[in-house]
Amino acid sequence: MINTWLLLAVFLILAVFIFVWLGRKKTEVEPAARHLKYDFDEMILFVRKALEDMLSTSLYDGGVSAEEYSRRKARRRELQKALRSCMHGDLPAKRYVKLYIRDLLVQTYGLNESNVDKAMPFSHPTRLSPQDCFDILLHSYQKKHGADAFNHLVSYYGLDQLTELEDGTKGYRITAAQIRDIYVSELPRLNLQDKIEIIVQRVYQTYKGLGVIDELRDQNIDGINGGTSGMPPDIVHAMDPRNLANQARTMPQAHNAVWIFYRGKSVQLEFLGFGSDHELKRVCQNIYGFGNPGQLNESRGYIINDMADGSRVVVVRPKMAESWAFFVRKFNDSLVELDQQITDGNARLAIDMLIYLILGHQITAITGRQGSGKTTLLKALIRYIDAKNIRIQESAFEIWARKLYPNKNILSFRETPTVSGQDGLDVQKKTDGAVNIVGEAATHEVVSYVIQAAQVASEYTLFTHHGKTLPSLINALRNSLVASGAFSNEKMAESQVVEVLGFNVNLVLRSGKRYIERITEIIPINSQYEYARSYKEHENLPDKLDAFMDTMTDYFGRVTDKRSYEYRDILVWEDGEYIAKHPISPQKFEEMMKHMDEEDAERFRLFIQEHWSDAA
């Protein structure tokens with residue numbers, strides 16, 4: 001009996017000792033745990049482990065029924081699919097993954113009103129980083145403006161103004177100080193749900209998303225790129241270690257370069273950066289993977305692909321490039337009508353002229369720099385192609401004509417790693433197309449096909465090109481014909497181009513404003529020319545040779561003469577309005593009239609008489 005009591009006493013003392021010891025350990029560990037628990041790194045590790053466990057746990061755990069097993073399997077398959085595609089511009093997949101992360105952080109991790117400020121100091125504006133301020137501002141504007149949030153923020157505060165930079169040059173830049181000032185002036189009011197959404201986005205973009213550009217990429221902007229300024233890592237590593245620490249604090253780094261293409265302006269977001277070369281490399285390796293386009297490695301230093309939402313992405317890497325970099329070009333798949341694009345004084349003149357070019361079946365080149373609105377204008381012009389089968393060739397799907405005009409007979413082709421643009425154009429010949437549209441005549445082979453198709457394979461052709469002036473456009477097309485092997489003589493190639501090409505519509509982007517600089521007609525000069533044969537009239541050899549040399553001089557002068565065409569500006573943009581200049585040539589006027597029905601032809605005649613009274 002005594003032994004029993006002694007044993008009970010020993011166990012009781014041991015239990016008290018263990019209880020006190022564990023309590024002391026808990027007291028020692030809890031402060032650190034509380035400090036780390038709501039740190040972003042800790043939350044990202046938790047989310048990563050939770051999702052990995054969710055995908056690796058046996059579906060049979062708990063002795064589930066067949067119905068429950070099927071539900072678990074379907075949920076896992078859907079989550080796996082979303083995790084594979086959420087970073088490729090697939091917005092539904094991104095929302096699905098973020099919902100999972102939100103549930104994990106709120107229901108399992110315990111994110112709530114009492115601890116949400118530990119992850120991001122919402123209640124202490126002075127402790128927020130510039131990126132924190134921007135994330136809060138963007139979230140606040142998204143609640144009002146959705147995908148146009150960034151555009152409204154920049155427009156309202158005039159953040160796209162040309163400013164003088166530290167090196168004395170000028171450029172477009174949004175600084176950390178500007179973002180802080182805007183945040184302080186607005187101090188957005190956030191409820192608990194807003195704070196959780198901001199934290200969930202930060203966790204998602206670091207874990208599975210595209211880093212600091214993740215939300216910006218989804219906005220209605222023209223494009224975004226990263227890694228395109230600052231010092232490349234190889235140069236930084238080669239610096240003197242004694243000076244590196246001081247210089248690194250002031251010298252811009254390539255991994256902190258984020259640029260937005262906003263309304264034709266390239267704007268640096270100085271307040272954003274990826275933080276490290278490793279993070280920039282991670283984003284570059286993830287952003288291009290939609291549709292499994294292949295592996296990016298040193299032997300294949302670049303990849304051009306599209307994303308799930310139709311954006312075009314280009315990724316480059318060392319050694320081909322001096323640093324990792326990516327370029328996302330976004331294309332609005334909505335229709336912007338002509339009267340929305342062309343808004344300057346006397347805009348109706350330019351709009352009607354464009355419509356009559358389509359009704360008159362004119363082969364037209366739409367030119368201008370990147371971002372000037374060539375594709376947007378081309379999409380609007382397709383509306384006026386009536387009762388014709390339309391075939392479109394693009395390097396990547398940008399026009400989305402089927403979505404805009406579902407009742408028209410339209411089929412679009414694009415280049416792939418195994419099917420070239422020339423192959424796609426060859427297939428078009430066998431698809432009963434009446435109107436050929438080429439998204440961009442960029443390669444020699446495509447230019448050659450455009451000229452050939454404009455002659456025999458279609459009723460007329462529309463295409464875009466980057467030529468700045470009409471002579472540069474014709475020279476580029478001529479050189480492409482020669483380089484492709486279609487012609488061996490530049491003069492003959494040029495004559496072919498000017499005989500085919502009818503009009504050039506040149507678009508301009510200046511200081512964020514887009515407009516039609518000119519609409520120009522190309523007029524071939526008649527190449528039929530009779531050379532003098534006076535050498536036959538002379539009897540003695542010296543006179544014959546002199547006359548023959550005159551004929552040969554004339555011949556070589558004609559062959560090397562660059563004036564195989566004339567051109568005239570039909571209308572131009574001057575001082576903010578469109579002005580009628582030279583009339584359309586009589587030959588072109590009659591040609592256009594033949595392709596129109598009686599009603600359109602009469603309206604065209606009256607239009608010409610109104611603006612060019614001496615032309616018709």
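The values are calculated or read from the model by the stated rules, or taken from the named source; none is laboratory data. The shown structure was predicted, so the numbers you read here are calculated from the model rather than taken from an experiment. Note that each Cβ is placed from the backbone with ideal geometry, even for glycine, and that neighbours are counted across all protein chains shown.
Residues in the range 352-364: is at least one out of contact with any helix residue (DSSP H, G or I) (no Cβ under 7 Å at 6 or more places or on another chain), at pLDDT 90 or above and charged (D, E, K, R)?
Checked against the condition, which is being out of contact with any helix residue (DSSP H, G or I) (no Cβ under 7 Å at 6 or more places or on another chain), at pLDDT 90 or above and charged (D, E, K, R), the range 352-364 yields no hits at all.
One residue is enough: does the range 106-124 have a residue meeting the conditions under 30 Å from the mean Cα position of the chain (by Cα) and of a type in the set (Val, Ile, Thr)?
no
If the requirement is being outside any loop (DSSP other than H, G, I, E, B) and at pLDDT 95 or above, which of these qualifies: Gln107, Gln142?
So the residue among Gln107, Gln142 that is outside any loop (DSSP other than H, G, I, E, B) and at pLDDT 95 or above is Gln142.
Step by step: first the residues of the range 308-336, then only those that are modelled with pLDDT of 90 or more and closer than 21 Å to Gly371 by Cβ, then the one that is surrounded by the fewest Cβ atoms within 10 Å (Cβ to Cβ). Which residue is that?
Selected residue: Val314.
Might you check whether a residue that is touching a helix residue (DSSP H, G or I) at 6+ places or on another chain (Cβ under 9 Å), outside any strand (DSSP E or B) and acidic (Asp, Glu) occurs anywhere in the range 458-470?
No; the residues of the range 458-470 include none that is touching a helix residue (DSSP H, G or I) at 6+ places or on another chain (Cβ under 9 Å), outside any strand (DSSP E or B) and acidic (Asp, Glu).
Where the second residue is small (Gly, Ala, Ser) and crowded, with 17+ Cβ neighbours inside 10 Å and the first is assigned by the TED database to the domain that holds Cys133 and within 14 Å of Asp132 (Cβ to Cβ) and lies in the range 177-189, which pairs have Cβ atoms under 6 Å and are six or more apart or on separate chains?
Pairs that qualify, where the first residue is assigned by the TED database to the domain that holds Cys133 and within 14 Å of Asp132 (Cβ to Cβ) and the partner is small (Gly, Ala, Ser) and crowded, with 17+ Cβ neighbours inside 10 Å, are Pro188/Ser140.
Considering only the range 477-488, I want to know if a residue exists there that is part of a loop (DSSP other than H, G, I, E, B), in the same structural domain as Gln362 (by the TED database) and touching a Lys or Arg at 6+ places or on another chain (Cβ under 6 Å).
no
With out of contact with any Gly (no Cβ under 7 Å at 6 or more places or on another chain), modelled with pLDDT of 90 or more, of a type in the set (S, T, N, Q) and surrounded by fewer than 20 Cβ atoms within 10 Å (Cβ to Cβ) as the only criterion, which of Ser276, Ser299 stands out?
Result: Ser276 is the single residue among Ser276, Ser299 that is out of contact with any Gly (no Cβ under 7 Å at 6 or more places or on another chain), modelled with pLDDT of 90 or more, of a type in the set (S, T, N, Q) and surrounded by fewer than 20 Cβ atoms within 10 Å (Cβ to Cβ).
Does Gln268 satisfy being at pLDDT 90 or above and in a helix (DSSP H, G or I)?
Taking the combined requirement at face value, the residue does not satisfy it.
Of all residues in the range 364-398, how many are under 26 Å from Thr416 (Cβ atoms) and assigned to a helix (DSSP H, G or I)?
Number satisfying all stated conditions: 6.
Filter the range 51-79 down to residues that are over 35 Å from the mean Cα position of the chain (by Cα), assigned to a helix (DSSP H, G or I) and hydrophobic (A, V, I, L, M, F, W, C) and give me whichever is modelled with the lowest pLDDT.
The selected residue is Ala66.
Which one is surrounded by the most Cβ atoms within 10 Å (Cβ to Cβ) among residues in the range 87-139 that are of a type in the set (A, V, I, L, M) and in contact with a Pro (Cβ under 9 Å, 6 or more places away or on another chain)?
Among those that are of a type in the set (A, V, I, L, M) and in contact with a Pro (Cβ under 9 Å, 6 or more places away or on another chain), it is Ile136.
Please enumerate the residues belonging to the range 565-596 that are in a strand (DSSP E or B), buried (at least 16 other Cβ atoms within 10 Å of the Cβ) and without any contact (Cβ under 8 Å) to a residue 60 or more places away in the chain.
Result: Asp569, Val572.
From the list Leu335, Leu296, pick out the single residue that is assigned to a loop (DSSP other than H, G, I, E, B) and in contact with a strand residue (DSSP E or B) (Cβ under 6 Å, 6 or more places away or on another chain).
Leu296
For a quick check of your reading of the model, give me the residue pairs whose first member lies in the range 110-122 and is of a type in the set (S, T, N, Q), whose second is surrounded by fewer than 20 Cβ atoms within 10 Å (Cβ to Cβ) and not in a helix (DSSP H, G or I), with beta-carbon atoms closer than 6 Å and at least 6 apart or on different chains.
Cβ pairs passing all conditions: Asn115/Tyr38.
Do the conditions hold for Phe122, that is, is it aromatic (Phe, Trp, Tyr), touching a Leu at 6+ places or on another chain (Cβ under 8 Å) and outside any helix (DSSP H, G or I)?
It is true that Phe122 is aromatic (Phe, Trp, Tyr), touching a Leu at 6+ places or on another chain (Cβ under 8 Å) and outside any helix (DSSP H, G or I).
So how many residues does the range 597-616 have that are of a type in the set (Asp, Glu) and buried (at least 17 other Cβ atoms within 10 Å of the Cβ)?
Summing the residues that are of a type in the set (Asp, Glu) and buried (at least 17 other Cβ atoms within 10 Å of the Cβ) in the range 597-616 gives 1.
For the range 85-104, how many residues meet the condition of being among the small types (Gly, Ala, Ser) and part of a helix (DSSP H, G or I)?
2
Any chance the range 167-182 includes a residue that's among the basic types (Lys, Arg), assigned to a helix (DSSP H, G or I) and touching an Asp or Glu at 6+ places or on another chain (Cβ under 9 Å)?
No, every residue in the range 167-182 fails to be among the basic types (Lys, Arg), assigned to a helix (DSSP H, G or I) and touching an Asp or Glu at 6+ places or on another chain (Cβ under 9 Å).
Looking only at the range 484-509, filter to residues that are of a type in the set (S, T, N, Q) and farther than 30 Å from Gly264 by Cβ; which one of those is surrounded by the most Cβ atoms within 10 Å (Cβ to Cβ)?
Out of the qualifying residues, it is Gln496.
May I ask you to say which residue of Glu440, Glu394, Glu398, Glu415 is buried (at least 16 other Cβ atoms within 10 Å of the Cβ), in contact (Cβ under 8 Å) with a residue 40 or more places away in the chain and over 26 Å from Glu521 (Cα atoms)?
One residue alone meets the criteria, Glu398.
If we keep just the residues of the range 299-332 that are among the hydrophobic types (A, V, I, L, M, F, W, C) and assigned to a loop (DSSP other than H, G, I, E, B), which is farthest from the chain's Cα centre (by Cα)?
Met320
Taking Ser155, is it surrounded by 13 or more Cβ atoms within 10 Å (Cβ to Cβ), under 30 Å from Gly264 (Cβ atoms), among the small types (Gly, Ala, Ser) and free of Cβ contacts under 8 Å to residues at least 24 places away in the same chain?
Yes; evaluated as a whole, the condition is true for this residue.
Checking Asn479 against (1) surrounded by fewer than 21 Cβ atoms within 10 Å (Cβ to Cβ); (2) modelled with pLDDT under 80, which single condition isn't satisfied?
Looking at each condition in turn, Asn479 falls short on (2).
When the range 399-436 is examined, which residues are found to be part of a loop (DSSP other than H, G, I, E, B) and under 20 Å from Phe290 (Cα atoms)?
Matches in the range 399-436: Ile399, Trp400, Glu415, Thr416, Pro417, Thr418, Val419, Ser420.
Of these, Thr169, Thr228, which one is among the β-branched types (Val, Ile, Thr), at pLDDT below 95 and surrounded by fewer than 17 Cβ atoms within 10 Å (Cβ to Cβ)?
Thr169
Kindly provide the set of residues from the range 489-529 that are of a type in the set (A, V, I, L, M), touching a residue at least 12 places away in the same chain (Cβ under 8 Å) and in a helix (DSSP H, G or I), ordered by number.
Ala493, Val497, Val498, Val500
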